[in-house]
Amino acid sequence: MEPNSEESLPIPLKKELNQRPGLLSAFLGLFRGCSILDKVLLVIGILAAIGAGTIFPLVVLNWGQLANAFLAFARHEVAGKDLTRETNDKALRMVYYFIAKFAATYIYMVLLTITSSRIAQRIRLAQVSTLLQKPISYFDAVDPSTKANKGSIAASMDQINAIEQGCGEKLGLTLQFASTTVTAIIISFDRSWRLTLVTGVIIPLTGVVVGLAVFAEADLDSKIMKIYASANSLAAEVFSSIRDTVAYGTQSKIAGKYDTYLREAYALGIKKAPAIGAQYAFDSFFPFCGYALAFWYGFILYRKGEIPGPGEIITVFFCVLISGNSMTSLSLQLPIIGKAASAAVLLHVDEINSMPERVNAGDSNELVFKGDIELRNIKFCYPTRPSTVVLELPRLWIPRGKKTVIVGPSGSGKSTIVGIMQRWYPIDQGVVSIGGRSIEEFEVQYLRKKIGLVQQDVRLFNASIHTNVAHGLVGTPQENVSQSEQRRLVIEACKASHAHAFIMDLPHGYDTELGESAKTISGGQKQRLAIARAIISNPDILILDEATAALDSESKQSVRHALSDVCQHRTTISITHDFTDTLDADQIVVISNGRVVESGNPEQLINSDGWYSTLSRISQRTVENNSAIEYDTSLRETRSSIKSIRTTDLDYSSRNSSQKAPIGTNGDVLEMETIDTKSKATSHIRSQGNVEGNVTERFQEHFEPTSSSSSLTAYYALFKEQKAEWPWMLVAFFPCIVGGFVQAAKAILFGQLVGAFLRPIDNGQSRADFLSIWLFVLGVVTLIIYSLMGFNGTVLAQHLNKTYRAQYFRDLVRQDIAFFDDSTNTSASLVSRLSAHPTQLQGLLSTGLGLILIMIVNIASCSVLALVRGWRLGLVGVFVVLPPICIAGGIRLRLQSRFEKAIARIYAQSAQFSQEAVLAMRTVKALTIERTIYEGYQVQLDKALLRIWRHAAFSMIVGALAESLEICGMALAFWYGSHLLANGDYTLTQFFTIFAAVVFGGQATSSLLSFSSNFTQSWDAAAEIINMHEKAVPINNSKGSLAVPGDVAVEPAVRYENVYFSYPSRSDKPVLKGVTCNVQKGHRVAFVGTSGCGKTTILSLLQRFYDPDEGTIFVGGTPLRSLDVTKHRKNMALVPQDPTLYEGTIRENICLGLDGPVEEERLVKACKDAFIYDFIMSLPEGFETECGQQGTTFSGGQRQRIAIAKALIRAPALLLLDESTSALDFESEKIISEALDNGVEGTVLIVAHRRSTIEKCDVVYVLDRGVIVESGTPKELSAKRGMYHQVVMAGIDS
């Protein structure tokens, strides 16, 4: 059940952070909500990881015992066959250790991967569940820490991915390394507690330094993740409204705003450099101090007789060695765990809720919903603007079984009544009752199921038409009927809403997938589907909020007749600006400034001298004599008659907080209905083969990369681009090459130290002292090398991350519109890639690349040393031990790469699914489909989960093998080396030098392969970034052959010549078929027709969102393709039916796309002309008011007027109006029309259904099924009584 009271407004960020749990508590909190199965798997996985960590210290214990045997043989204390026998036993024991390590590693890798994916799924589901249960006001509010609206799924992608990574294999590695460290310490104490106490001092020192560094890094990471969440939110907003972005040429300015976030993150990221440098430096330096202490003090104890032999020293030495290596590896994993903990804090994992079961309980008195509706003593303010009273209604009575029409100026509070009746918001004062019972007494979902709602801001989901319409059955008895019966109900509802005809013309009929934001159908078609969805459940109360605003007059008339039948004997509330929608009303209520100023039946109000009477006169004047409206007289009358009631707009938050998604939704942007052409156009239609060939080629041009960069090629291209950074790279990575030789030097010293035990005791002590000093010197070298690597690598990585993230964003937003039409390039998918790829690249380019260089040089130098010191044992070590480890790692690398690509696609699809639902939250709540959305999201995640489990079960075999094979290699080296030693082929010093080189090389190989996921992710990321950068963008990058249009005084401003077009994603469905028309300079030209006939496509081609398949478009006599597309678009301005506002202030939104600062007078004039200035000035912060994500804090009419101001301030030569006044009342439309007459000197192209918008046009072109069937002046076309009369006049005549 949804809460009845509104949450308090967001508290200050500082206080919020102080109240959040600590990192450790937050990380442990991730496991509290696990199921019993998850906890069992988790415990087994943890125990297996700990067990895997104990194996290697046990192997070291074996080495110590063998070392004593080898020394005894070198001193001729045992025979060769005795040495061979003991070596055979110890080698066999190491094989058993290999089997145990392999089994334990495989178990923890698989189980922790499964549990982490299940934890991530639980969090994803719980997050969506929590959002679905939030009140609408939650989504209206702006988060003070990000300046963006709450509830963004895109913003949390990084955080959930960090949690999944930190709770999976990385957690197992952390536990394994910790277990190795602890076990090694225990064995050291067992072999020599005195020596361990001296050498073990390095462990707490290392722990303290690493802990402080990790803590500092985690704190900075938490802040950086919050900044990137804001950047992701902005990117999602841009991608979902890319047409508006491209039309206004705002890519650079928005990219600049995106860069601001990146600079903030970069400034914080640089602060990590000292901590990371210190972490790596001391993490490497302290172990060398331990090695030096072990041999120096160990020899002292040996000389005193407190240690029986060198085996104990070697055991302690290697225990210190593997403790140091483990702590180094541990330090690499802890930041990942820290990021997971930080993500848990940011996501408030402890606050997210599970999804409750759907409530289907009815009410004992069903007849109550057939009673009167009454709003009494209502006083309401939106929670985001508590000081602004939006509604103040002493009494509003809506009679049962009757149709009540609510009219009034835009932003007067009409749609706020919908929000109150739907219980989206709690009222501050008063009561709303149905049948005498307060709506607070009803279970909220039950209440909403009794109310059918059609909103002006139509939201359909990325599913089939059948599924979208059937959403209206959720929570009703018909929800669980058979599929065939449900299909029958869907068809009946679609017939009633006049949607059946266009549905049947689609390739898959009712099974046609609508895609993201239903971009495959026009705005009018979407509205008809929304009506079908509302009426399918036969609700007791029907609310129509501008339900026919996007329909042409012919469709509007037919739908109106259908609604008239549906509304019979049903309580109906209709909110409208259209006078013709009021004619069949039983009661009309006029609202202005949040108050009822008139009410009565149409006859009563027409005879009064009020707002409705004025609306009637304006409407009637549009039909008289089929002539144009006299704007001056009408305007004076309008202003005079409403002077007493027209005040500042106060409906600040009355519209949908759902995000507008103009991709394919601007009116008829993608009219893809399949309708036969008129007979007179048949001869012009090309053959289907030519159409398909042309369009397929064009589609591939848009979607296929021009070059497919391989991983190495991509890396080469990345480094080649960054020539300015080469000095930094040299400083960062050259020391790493030097550092790679340290392990070979350590192997030489180790062999010499073992040989010291063969010398006389005093001579051996001095030799041990000398070599111990050199071990310390090596430690100082590593201190310098790793500090440089950590500091410089972090600085370089932060810079490159900022550079390539910014470049990647710019490369994405510069893509042609066809790129975004591809179903794989949804806004959520693009945000996911934008977030993941630079981060993955950064992970390798920072310290990761330095460590990899060190490991590669380490492997090479140790291999060469082994071969030089003894080629026979060296060959076994280098060519028998290392290759299987490399092969297993390589196979895993390939499997990991394929898997990550597949799983990324699935997660992107699921993220898009959930984000779409969150952005359509009003629709979700009105339909009570929260549980349906939740279950659908769960199905999407289950697909990913199954893929993860299958991958883990198979690929982890190879991974565990790669992790364990070095033990087999060591067993082989000891076994074969003992035979060579027994035969007198090698000395003891020679053997231990080669053995140490093989061990260190094997460890480096295993460590290198532990970066496999970093390799695959960064390689794929580099290839994607470079491919996107090199990808041909034929339209948006077009500079043309001519800089300016031709002589527009002679030529028409715009001319379409035999234009054919079909959308790349629907190449078999022609939209325009031989369109030819002229638009003279300075003329106002309208394109009209039924929904889906190709009107908006004509405007899209003029903006060069696409190029025609055939034919030419001329601008000023110059072919459009010959013009610089950027300059061409700067001469235009578009006002779409669904305007988009971006995060930022009103000033920033209106001035977006303009070059340089804008004078205040120019801004004020544009706002006054758009009739929005008074409203802006009524806001506390005026032009500096934050719009929030997608401008959700404004009503539809307010957003549309801001969009008009945004167009007018550009003073465009070509103004494109696509249903630009559909959300405005007649009075506002008249005033804006006058402003357009006086303020626009250029050419105007209009797509409209309202006759009042069309009447002053110089020419009207009427389209039907992609063909121009009529043209002429409005008067001429009205006299013909042809199709123009059907689509424009029919609704008025009725």
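The values are calculated or read from the model by the stated rules, or taken from the named source; none is laboratory data. Keep in mind that this is a model prediction, so the values were computed, not measured. Quick reminder, even Gly has a Cβ in these numbers, built from the backbone with ideal geometry, and neighbours come from all protein chains shown. Accessible surface is based on the protein model in full, side chains and every heavy atom, while ligands, DNA and RNA are left aside. Shrake-Rupley method; radii C 1.70, N 1.55, O 1.52, S 1.80 Å.
Remarks
- Added length on full extension, which subtracts the Cα-Cα distance from 0.36 nm per residue, residue 485 to residue 943: 162.0 nm
- Rounded accessible area of residue 947 (nearest 10 Å², 1.4 Å probe): 110
- If R0 equals 30 Å, the separation of the Cβ atoms of residue 1273 and residue 1058 corresponds to a calculated FRET efficiency of about 0.80.
- For the range 1078-1170, the solvent-accessible area with a 1.4 angstrom probe is 30 square angstrom per residue.
- Sulfur and carbon atoms: percent of accessible area, the range 853-1003 [1.4 Å]: 67
- Straightening the chain between residue 868 and residue 31 buys 296.1 nm, computed as 0.36 nm per residue apart minus the Cα-Cα spacing.
- Think of a 1.4 Å ball rolled over the protein heavy atoms: the range 212-347 then has 26 Å² of accessible area per residue.
- Per residue solvent-accessible surface (Å²) - the range 376-470, probe of 1.4 Å: 30
- When you count the other C-beta atoms within 10 angstrom of each residue and take the mean per peptide, 33-39, 973-979 line up highest first as 973-979, 33-39.
- Taking 0.36 nm per residue of separation and subtracting the current Cα-Cα distance, fully stretching the chain between residue 759 and residue 495 would add 84.9 nm.
- Of the peptides 1070-1081, 237-248, the ranking by mean beta-carbon count within 10 Å, highest at the top, reads 237-248, 1070-1081.
- Each peptide in 1022-1029, 771-778, 228-235 gets a packing score, the mean of other Cβ atoms within 10 Å over its residues, and the list from highest to lowest is 228-235, 1022-1029, 771-778.
- Computing FRET efficiency as 1/(1 + (r/R0)^6) for residue 823 and residue 93, where r is the C-beta to C-beta distance and R0 is 51 Å, gives about 0.35.
- Ratio of the Cα radius of gyration of the range 1080-1180 to 2.2 N^0.38 Å, where N counts its residues: 1.34
- Separation of the alpha carbons by more than 20 angstrom is noted, of 1168/1206; 134/339; 253/723, for 134/339; 253/723.
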